[in-house]
Amino acid sequence: MSVPSRFQAVAWDIDGTLVDSEPLHHHALLAASLEFGADLSELPDMAFRGIHMGDVWKLLEGRLPPALEEEEWMEAINRHYVGARHTLVPMPGAVETIHTLKALGVHQVCVSNSCRAIVDANLDALGLASFIDFSISLDDVSEGKPSPIPYRTAANRLGLKPHTIVAVEDSSTGLRSAKAAGLRTVFLRTDDKTGQTHQHDSLPDVTIDDLFFVCRFFDAEGALCP
């Protein structure tokens, strides 16, 4: 089936957009820290939701052993996360939407602020690696979101003009990155994000409650979203 010429690809964020990964991120952080003798079990489940791990290190460094290096701590967290990836749960409609877009012939990529090990673990857990043209991780770029570099890199690799790519995000940080790179932006609103507000540079073009709505950008009649 042919794809309308206005939009040619989808660039997916992963964490919080395709997979409900926050519980596992939290579990991995606690397990890794305990491995080094730091009990952080009193932290609330979503204590660091949306916070870059480099900033999490700065917040917790005083509670971790003085000799512990940030890189060693991060590697331990990633190891625990990857080892428990089978517990990950896809966001509602994520797998079905990606399958449908694949059948429509739509190019799909992932653009994440997570490291390569986490990106690969997420895609493996969801069984979606074969449906994605490629993925961009934090390890692949000089700057992560909100810089436009991750999405600009994806557009360049696709060989497409940015305005023909639909970026699907669940955070203002990701929206700023995609908008600055010139992509069409879609914000996924979920129960825990209903009150989230956006600054001018992160206002989405479209807000959705159902991931399958993304397919409307590529339906056979070209009945595109406003």
Item to check | Lys, Arg +1 and Asp, Glu -1 on Cβ, resulting dipole of the range 1-119 about Cα centre, debye, nearest 20 | outcome: 660
Checklist entry - Quick one: accessible area per residue over the range 55-211, 1.4 Å probe, rounded to a whole number of Å²? => result 47
Checklist entry - Not counting the cut sites, what is the longest span of the chain without GluC sites (Glu not before Pro) that DSSP labels loop and that have at most 13 other Cβ atoms within 10 Å? => result 144-220
Next on the checklist: Could you check the spin-label model distance between residue 100 and residue 20? Points 7 Å from the Cα along Cα→Cβ, value in nm.
Outcome noted: 2.0
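Please compute the net charge surrounding residue 113, taking Lys and Arg as +1 and Asp and Glu as -1 over other residues with Cβ under 10 Å from its Cβ. Show your work: numbers first, answer last.
Numbers: positive: 145; negative: 13, 15.
So the surrounding residues net to -1.
Just add up the charged neighbours of residue 161: K/R +1, D/E -1, any other residue whose Cβ is under 14 Å from the Cβ of residue 161.
Values: positive: 6, 152, 157, 184; negative: none.
For residues surrounding residue 161, the net value is +4.
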Checklist entry - What relative contact order, as a whole-number percentage, does the chain give when Cα pairs under 8 Å and 6 or more residues apart are counted? => result 25
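Take every DSSP beta bridge with both residues inside the chain and express the antiparallel ones as a percent of the total, to the nearest 5. Please list the in-between numbers first.
Numbers: 2 of 21 bridges.
Antiparallel bridges make up about 10 percent of those DSSP assigns within the chain.
Please report the carbon-and-sulfur percent of the accessible area for the chain; probe 1.4 Å, protein heavy atoms only, DNA, RNA and ligands left out. It would help to have the intermediate numbers written out before the result.
Working: 5570 of 10630 Å².
About 52 percent, which is the carbon plus sulfur part of the accessible surface.
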Item to check | Only Lys, Arg (+1) and Asp, Glu (-1) charged, at Cβ; the chain dipole about Cα centre in debye | outcome: 960
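What chymotrypsin sites (Phe, Trp or Tyr not before Pro) does the range 11-104 have in DSSP loop regions with at most 13 other beta carbons within 10 Å? The partial results should precede the final answer.
Numbers: sites: 12, 36, 48, 57, 73, 81; in loops: 36, 48.
Filter output for the range 11-104: 36.
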Next on the checklist: Along each principal axis of its Cα atoms, how long is the range 45-92 end to end? Whole angstroms, biggest number first, please.
Outcome noted: 40, 21, 15
Checklist outcome for this item: Restricting to aspartates and glutamates and to Cα separations under 15 Å from residue 179, and discarding same-chain partners fewer than 8 apart, the set is 13, 169, 170, 201, 205
Checklist entry - Shape of the range 151-194 from its Cα gyration tensor (a ≥ b ≥ c, root eigenvalues): rounded if a/c is under 1.5, otherwise prolate when a/b > b/c, or oblate? => result prolate
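Net charge near residue 214: determine it from the other residues with C-beta under 15 Å of the C-beta of residue 214, scoring Lys and Arg +1 and Asp and Glu -1. Walk me through the numbers before you get to the answer.
On the way: positive: 6, 102, 184, 189, 216; negative: 13, 96, 169, 170, 205, 209, 210, 219.
Here the charged neighbours net out to -3.
The values are calculated or read from the model by the stated rules, or taken from the named source; none is laboratory data. Bear in mind the structure is a predicted one, so any value in this text is a computation, not a measurement. Cβ sites come from the backbone with ideal geometry, for glycine too, and all protein chains shown count toward neighbours. Ligands, DNA and RNA are excluded from the accessible area calculation, which covers all protein heavy atoms including side chains. Shrake-Rupley method; radii C 1.70, N 1.55, O 1.52, S 1.80 Å.
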